[in-house]
Amino acid sequence: MRLEKIMVETDHPVAADSPDHLEPVGTVKDNSRNARFNEKLFRLFAGREEPLRVLDLGCSGGGFVRDLHDVGCIAVGIEGSDHSRRLRRGEWPMLDGVALFTADITREFTVMGAVNGSSSPLQFELVTAWEVLEHLPESSIPAVCRNVARHVAPQGFVVASTSPHSVVVNGVELHQTQREKGWWLERFEEAGLHHVPRLETYFNGQYIRGPRQGDPESFHLVLARDPAALPAIPTLSPQHRALDVWLGSRPYRLTRLALGLDEPRP
(Lines give C-alpha, C1' and ligand atoms only; values in the text may rest on other atoms or scores of the structure.)
Protein backbone atom coordinates (compact mmCIF):
# COMPACT_ATOMS: atom_id res chain seq x y z
CA MET A 1 0.00 0.00 0.00
CA ARG A 2 1.15 3.52 -0.78
CA LEU A 3 2.06 5.64 2.26
CA GLU A 4 0.13 8.89 1.87
CA LYS A 5 1.53 11.03 4.66
CA ILE A 6 4.08 10.93 7.48
CA MET A 7 3.54 12.66 10.82
CA VAL A 8 5.43 12.87 14.10
CA GLU A 9 3.26 12.86 17.19
CA THR A 10 4.85 14.61 20.17
CA ASP A 11 3.98 16.95 23.01
CA HIS A 12 7.50 18.41 22.78
CA PRO A 13 8.17 19.63 19.22
CA VAL A 14 11.43 21.37 20.21
CA ALA A 15 14.13 20.36 22.70
CA ALA A 16 13.86 23.83 24.19
CA ASP A 17 16.27 23.30 27.10
CA SER A 18 18.95 21.50 25.09
CA PRO A 19 22.38 23.21 24.97
CA ASP A 20 22.43 22.44 21.25
CA HIS A 21 19.32 24.55 20.82
CA LEU A 22 20.47 27.32 23.15
CA GLU A 23 24.07 27.37 21.79
CA PRO A 24 23.55 25.96 18.30
CA VAL A 25 26.58 24.62 16.43
CA GLY A 26 25.97 21.38 14.51
CA THR A 27 22.28 22.06 14.08
CA VAL A 28 23.04 25.21 12.04
CA LYS A 29 25.99 23.95 9.99
CA ASP A 30 25.83 20.16 9.47
CA ASN A 31 24.20 18.54 6.46
CA SER A 32 26.04 15.23 6.41
CA ARG A 33 25.83 12.59 3.71
CA ASN A 34 27.97 9.70 2.44
CA ALA A 35 27.05 7.89 -0.78
CA ARG A 36 29.26 4.95 0.22
CA PHE A 37 27.15 4.25 3.33
CA ASN A 38 23.98 4.44 1.23
CA GLU A 39 25.46 2.01 -1.30
CA LYS A 40 26.26 -0.49 1.45
CA LEU A 41 22.78 -0.09 2.95
CA PHE A 42 21.08 -0.79 -0.40
CA ARG A 43 23.35 -3.78 -1.02
CA LEU A 44 22.40 -5.19 2.38
CA PHE A 45 18.67 -4.99 1.54
CA ALA A 46 19.00 -5.93 -2.15
CA GLY A 47 15.92 -7.77 -3.39
CA ARG A 48 13.54 -6.10 -0.94
CA GLU A 49 10.27 -5.29 -2.73
CA GLU A 50 8.90 -2.65 -0.33
CA PRO A 51 10.59 0.76 0.00
CA LEU A 52 13.31 0.77 2.64
CA ARG A 53 12.32 2.71 5.78
CA VAL A 54 14.98 4.82 7.52
CA LEU A 55 14.65 7.12 10.54
CA ASP A 56 17.47 9.61 11.24
CA LEU A 57 17.47 11.16 14.72
CA GLY A 58 19.26 14.51 15.02
CA CYS A 59 19.07 15.05 11.26
CA SER A 60 20.30 18.70 11.26
CA GLY A 61 20.14 19.93 7.63
CA GLY A 62 18.65 16.65 6.40
CA GLY A 63 21.19 15.75 3.70
CA PHE A 64 21.19 12.01 4.49
CA VAL A 65 17.38 11.96 4.54
CA ARG A 66 17.18 13.86 1.24
CA ASP A 67 19.50 11.39 -0.50
CA LEU A 68 17.35 8.43 0.56
CA HIS A 69 14.07 10.22 -0.14
CA ASP A 70 15.20 11.02 -3.67
CA VAL A 71 15.70 7.34 -4.53
CA GLY A 72 12.32 6.22 -3.22
CA CYS A 73 13.01 5.27 0.39
CA ILE A 74 10.60 6.17 3.18
CA ALA A 75 13.12 8.42 4.94
CA VAL A 76 12.26 10.49 8.01
CA GLY A 77 14.52 12.94 9.85
CA ILE A 78 13.86 14.36 13.31
CA GLU A 79 15.83 17.32 14.67
CA GLY A 80 15.62 18.53 18.26
CA SER A 81 16.17 22.21 17.42
CA ASP A 82 14.05 24.26 15.04
CA HIS A 83 16.97 26.44 13.88
CA SER A 84 17.35 24.73 10.49
CA ARG A 85 13.60 24.88 9.93
CA ARG A 86 13.43 28.59 10.75
CA LEU A 87 16.57 29.42 8.76
CA ARG A 88 15.30 27.36 5.79
CA ARG A 89 18.72 25.79 5.45
CA GLY A 90 19.80 22.48 3.97
CA GLU A 91 16.93 20.32 2.74
CA TRP A 92 14.24 21.87 4.95
CA PRO A 93 12.66 24.12 2.29
CA MET A 94 11.77 21.03 0.26
CA LEU A 95 11.12 18.39 2.93
CA ASP A 96 9.72 20.26 5.96
CA GLY A 97 6.61 18.40 7.10
CA VAL A 98 7.14 15.78 4.38
CA ALA A 99 10.25 13.95 5.58
CA LEU A 100 11.84 16.40 8.06
CA PHE A 101 10.30 17.15 11.46
CA THR A 102 11.27 18.50 14.88
CA ALA A 103 10.82 16.76 18.23
CA ASP A 104 12.60 16.32 21.53
CA ILE A 105 13.83 12.71 21.30
CA THR A 106 14.36 12.55 25.07
CA ARG A 107 10.56 12.67 25.39
CA GLU A 108 8.06 10.22 23.97
CA PHE A 109 7.37 10.65 20.27
CA THR A 110 5.86 8.42 17.58
CA VAL A 111 6.39 8.48 13.82
CA MET A 112 3.04 7.80 12.15
CA GLY A 113 2.17 6.84 8.59
CA ALA A 114 -1.21 7.36 6.94
CA VAL A 115 -2.66 4.86 4.44
CA ASN A 116 -6.20 5.20 3.07
CA GLY A 117 -6.90 7.96 5.57
CA SER A 118 -5.97 5.84 8.59
CA SER A 119 -2.71 6.33 10.49
CA SER A 120 -0.60 3.90 12.50
CA PRO A 121 2.91 3.87 14.02
CA LEU A 122 5.80 3.25 11.64
CA GLN A 123 8.80 1.04 12.28
CA PHE A 124 12.05 1.24 10.34
CA GLU A 125 14.63 -1.12 8.92
CA LEU A 126 17.29 1.38 9.99
CA VAL A 127 17.36 3.98 12.76
CA THR A 128 20.40 6.28 12.86
CA ALA A 129 21.76 8.91 15.24
CA TRP A 130 24.96 10.58 14.01
CA GLU A 131 26.86 12.47 16.75
CA VAL A 132 23.66 12.88 18.76
CA LEU A 133 23.70 10.67 21.86
CA GLU A 134 26.54 12.46 23.64
CA HIS A 135 24.56 15.71 23.42
CA LEU A 136 21.77 14.31 25.61
CA PRO A 137 21.72 14.39 29.44
CA GLU A 138 22.64 11.06 30.99
CA SER A 139 19.36 10.95 32.93
CA SER A 140 17.44 10.87 29.63
CA ILE A 141 19.42 8.07 27.95
CA PRO A 142 17.12 5.19 29.06
CA ALA A 143 14.11 7.02 27.59
CA VAL A 144 16.00 7.71 24.36
CA CYS A 145 16.99 4.04 24.07
CA ARG A 146 13.34 3.02 24.53
CA ASN A 147 12.24 5.53 21.89
CA VAL A 148 14.78 4.10 19.46
CA ALA A 149 13.77 0.49 20.21
CA ARG A 150 10.07 1.24 19.61
CA HIS A 151 10.84 2.48 16.11
CA VAL A 152 13.06 -0.41 14.96
CA ALA A 153 11.37 -3.07 12.83
CA PRO A 154 11.85 -6.71 13.93
CA GLN A 155 14.32 -7.25 11.07
CA GLY A 156 15.87 -3.80 11.48
CA PHE A 157 18.95 -2.35 13.12
CA VAL A 158 20.41 0.83 14.61
CA VAL A 159 23.61 2.69 13.77
CA ALA A 160 24.78 5.54 16.00
CA SER A 161 28.04 7.44 16.30
CA THR A 162 29.04 9.12 19.52
CA SER A 163 32.06 10.72 21.18
CA PRO A 164 33.32 10.28 24.76
CA HIS A 165 35.06 13.67 24.86
CA SER A 166 34.18 17.18 25.98
CA VAL A 167 33.12 19.98 23.62
CA VAL A 168 32.60 23.41 25.18
CA VAL A 169 31.16 26.37 23.23
CA ASN A 170 30.77 29.79 24.88
CA GLY A 171 31.27 28.16 28.26
CA VAL A 172 28.53 25.56 27.65
CA GLU A 173 29.33 21.85 27.64
CA LEU A 174 27.61 20.41 24.56
CA HIS A 175 28.60 16.81 25.25
CA GLN A 176 26.46 16.06 28.29
CA THR A 177 27.05 12.28 28.33
CA GLN A 178 30.70 11.33 27.81
CA ARG A 179 30.84 7.55 28.04
CA GLU A 180 32.83 4.74 26.48
CA LYS A 181 31.40 2.17 24.09
CA GLY A 182 30.76 -0.54 26.67
CA TRP A 183 28.54 1.77 28.72
CA TRP A 184 26.40 2.61 25.68
CA LEU A 185 26.07 -1.04 24.70
CA GLU A 186 24.77 -1.83 28.19
CA ARG A 187 22.16 0.96 28.04
CA PHE A 188 20.84 -0.22 24.69
CA GLU A 189 20.91 -3.86 25.82
CA GLU A 190 18.57 -2.83 28.65
CA ALA A 191 16.17 -1.53 25.97
CA GLY A 192 16.32 -4.80 24.02
CA LEU A 193 18.86 -3.79 21.38
CA HIS A 194 21.89 -6.05 20.98
CA HIS A 195 25.38 -5.43 19.63
CA VAL A 196 26.00 -6.77 16.08
CA PRO A 197 29.78 -6.78 15.42
CA ARG A 198 29.41 -8.39 11.97
CA LEU A 199 27.53 -5.33 10.71
CA GLU A 200 30.32 -3.09 11.98
CA THR A 201 32.72 -5.21 9.92
CA TYR A 202 30.44 -4.91 6.89
CA PHE A 203 30.21 -1.10 6.99
CA ASN A 204 34.00 -1.02 7.42
CA GLY A 205 34.24 2.59 8.64
CA GLN A 206 31.91 3.99 5.95
CA TYR A 207 29.17 5.87 7.81
CA ILE A 208 27.44 9.23 7.57
CA ARG A 209 29.51 10.52 10.51
CA GLY A 210 32.54 9.02 12.19
CA PRO A 211 36.36 9.07 12.22
CA ARG A 212 36.57 8.88 8.41
CA GLN A 213 33.98 11.64 8.05
CA GLY A 214 35.68 14.27 10.18
CA ASP A 215 34.91 13.14 13.75
CA PRO A 216 38.19 11.44 14.74
CA GLU A 217 37.31 10.87 18.39
CA SER A 218 33.96 9.18 17.76
CA PHE A 219 33.02 5.49 17.61
CA HIS A 220 30.02 3.53 16.37
CA LEU A 221 27.25 1.47 17.93
CA VAL A 222 25.54 -1.07 15.66
CA LEU A 223 22.58 -2.81 17.29
CA ALA A 224 19.53 -4.92 16.45
CA ARG A 225 16.37 -6.17 18.13
CA ASP A 226 17.02 -9.66 16.78
CA PRO A 227 20.44 -10.16 15.18
CA ALA A 228 19.29 -13.50 13.75
CA ALA A 229 16.52 -11.74 11.76
CA LEU A 230 18.89 -9.40 9.92
CA PRO A 231 19.59 -9.82 6.21
CA ALA A 232 22.56 -11.95 5.27
CA ILE A 233 25.78 -9.96 5.06
CA PRO A 234 26.83 -9.62 1.40
CA THR A 235 30.21 -10.96 0.39
CA LEU A 236 32.54 -8.07 -0.37
CA SER A 237 35.44 -8.33 -2.77
CA PRO A 238 38.98 -7.31 -1.75
CA GLN A 239 38.62 -4.34 -4.12
CA HIS A 240 35.46 -3.21 -2.33
CA ARG A 241 37.17 -3.39 1.06
CA ALA A 242 40.22 -1.57 -0.27
CA LEU A 243 38.01 1.26 -1.53
CA ASP A 244 36.38 1.47 1.91
CA VAL A 245 39.83 1.97 3.43
CA TRP A 246 40.79 4.63 0.86
CA LEU A 247 37.61 6.74 1.04
CA GLY A 248 37.94 9.20 3.91
CA SER A 249 41.56 8.31 4.67
CA ARG A 250 44.15 11.02 5.24
CA PRO A 251 45.75 10.52 1.76
CA TYR A 252 42.28 10.69 0.21
CA ARG A 253 41.47 13.95 2.03
CA LEU A 254 44.83 15.49 1.12
CA THR A 255 44.34 14.54 -2.52
CA ARG A 256 40.93 16.23 -2.60
CA LEU A 257 42.40 19.33 -0.97
CA ALA A 258 45.19 19.45 -3.51
CA LEU A 259 42.66 19.20 -6.35
CA GLY A 260 40.52 21.95 -4.84
CA LEU A 261 37.58 19.61 -4.30
CA ASP A 262 37.36 20.23 -0.53
CA GLU A 263 38.06 23.04 1.89
CA PRO A 264 40.39 22.58 4.87
CA ARG A 265 38.66 21.38 7.99
CA PRO A 266 38.58 23.82 10.90
Residues located in region 201-240, provided they are open to solvent by less than 30 Å² (accessible area, probe 1.4 Å), without any contact (Cβ under 8 Å) to a residue 40 or more places away in the chain and either within 16 Å of N34 (Cα to Cα) or among the small types (G, A, S) (or both): H240
Leading residue by the ranking (farthest from G26 (Cα to Cα)) among those in region 66-98 that are touching an Asp or Glu at 6+ places or on another chain (Cβ under 8 Å) and of a type outside the set (K, R): A75
Qualifying residue in region 111-124 (condition: assigned to a helix (DSSP H, G or I), touching a strand residue (DSSP E or B) at 6+ places or on another chain (Cβ under 9 Å), under 20 Å from K5 (Cβ atoms) and open to solvent by 20 Å² or more (accessible area, probe 1.4 Å)): no
Filter pass, G182 being open to solvent by 30 Å² or more (accessible area, probe 1.4 Å) and at positive phi: no
Residues of region 50-108 satisfying the condition of being open to solvent by less than 10 Å² (accessible area, probe 1.4 Å), assigned to a helix (DSSP H, G or I) and in contact (Cβ under 8 Å) with a residue 40 or more places away in the chain: F64, S84
Search result, residues across region 17-38 that are among the hydrophobic types (A, V, I, L, M, F, W, C) and modelled with pLDDT of 85 or more: A35, F37
Region 18-47 - residue that is under 19 Å from the mean Cα position of the chain (by Cα) and small (G, A, S) and, of those, surrounded by the fewest Cβ atoms within 10 Å (Cβ to Cβ): A35
Any hit, region 187-205, residues being hydroxyl-bearing (S, T, Y) and over 16 Å from L41 (Cα atoms): no
Neighbours by Cβ (under 7 Å, 6+ apart or cross-chain): first from region 6-17, open to solvent by 70 Å² or more (accessible area, probe 1.4 Å); second assigned to a strand (DSSP E or B) and not β-branched (V, I, T): E9/F109; E9/M112
Filtered residue count, region 144-182, keeping only those that are of a type outside the set (D, E), assigned to a strand (DSSP E or B) and closer than 25 Å to E23 by Cβ: 6
Region 188-212, residues that are basic (K, R) and within 18 Å of the chain's Cα centre (by Cα): R209, R212
Scope region 185-200; condition open to solvent by less than 60 Å² (accessible area, probe 1.4 Å) and in contact (Cβ under 8 Å) with a residue 40 or more places away in the chain; matching residues: R187, F188, A191, G192, L193, L199
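The values are calculated or read from the model by the stated rules, or taken from the named source; none is laboratory data. Treat the numbers as computed from the prediction; the structure is a model and nothing was measured. When we count neighbours, we look across all protein chains shown, and the Cβ atoms used for this are built from the backbone with ideal geometry, even at glycine. Surface accessibility is based on the protein's heavy atoms, side chains included, excluding ligands, DNA and RNA. Shrake-Rupley method; radii C 1.70, N 1.55, O 1.52, S 1.80 Å.
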